[in-house]
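Okay, structure first, notes after.
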């Protein structure tokens, strides 16, 4: 697979596999830092549990309305997955961003970015445009 030019299907399949295999980079750091993201903005009534947080990347991978991008970070290709209004655990999460490293096969970030997709574009080059994908159910 070409990490710079993956197909949307390859990107989503890789994220789903990493989520199911629990391939996380800095797992506890992510939970401690981002589990309150959606509660703080009123999307959820309480903090995500560790179990809920671990299921969030798979929910994004399976969501039929997702935006994808490939961008450069520290000299390598990183993949971004962004969705709005994700139905999760009976709640509607306003924004969800997953950052995935295809070479290490690790989920790097799982968060609600403050400014939507800009988190992915801040360090990237001009090839950071998100591509909306709508999967048929």
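The values are calculated or read from the model by the stated rules, or taken from the named source; none is laboratory data. What you see is a predicted model; the values in this text were computed from it and never measured. Heads up, the Cβs are rebuilt from the backbone with ideal geometry, glycines too, and the neighbour counts pull from every protein chain shown.
Kindly list the number of the only condition in (1) modelled with pLDDT of 90 or more; (2) surrounded by fewer than 17 Cβ atoms within 10 Å (Cβ to Cβ); (3) within 13 Å of residue 110 (Cα to Cα) that fails for residue 10.
The failed condition is (3).
Looking at the stretch 21-39 only, could you name the residues that are farther than 22 Å from residue 101 by Cβ and touching a residue at least 24 places away in the same chain (Cβ under 8 Å)?
38
Report yes if residue 72 is part of a loop (DSSP other than H, G, I, E, B) and out of contact with any helix residue (DSSP H, G or I) (no Cβ under 9 Å at 6 or more places or on another chain), otherwise no.
no
Could you run through the stretch 79-100 and say how many residues are in contact (Cβ under 8 Å) with a residue 24 or more places away in the chain and within 11 Å of the chain's Cα centre (by Cα)?
The total comes to 7.
Go through the residues of the stretch 53-66 one by one and say whether even a single one is in contact (Cβ under 8 Å) with a residue 40 or more places away in the chain and either within 17 Å of residue 114 (Cβ to Cβ) or assigned to a strand (DSSP E or B) (or both).
yes
So how many residues does the stretch 88-134 have that are over 20 Å from residue 22 (Cα atoms), out of contact with any helix residue (DSSP H, G or I) (no Cβ under 8 Å at 6 or more places or on another chain) and either at pLDDT below 90 or assigned to a strand (DSSP E or B) (or both)?
Residues that pass the stated criteria total 19.
Output the residue which, of all residues in the stretch 26-35 that are over 13 Å from the mean Cα position of the chain (by Cα) and surrounded by 15 or more Cβ atoms within 10 Å (Cβ to Cβ), is nearest to residue 48 (Cα to Cα). Step through it out loud before you land on a result.
Initial filter on the stretch 26-35 (over 13 Å from the mean Cα position of the chain (by Cα)): 26-29, 31-33, 35.
Subset that is surrounded by 15 or more Cβ atoms within 10 Å (Cβ to Cβ): 27, 31, 35.
On the way: 27: 14, 31: 8, 35: 5 Å.
Restricting to residues being over 13 Å from the mean Cα position of the chain (by Cα) and surrounded by 15 or more Cβ atoms within 10 Å (Cβ to Cβ), the top hit is 35.
Which residue is farthest from residue 95 (Cα to Cα), if the candidates are limited to the stretch 20-52 and must be part of a helix (DSSP H, G or I) and touching a strand residue (DSSP E or B) at 6+ places or on another chain (Cβ under 7 Å)?
30
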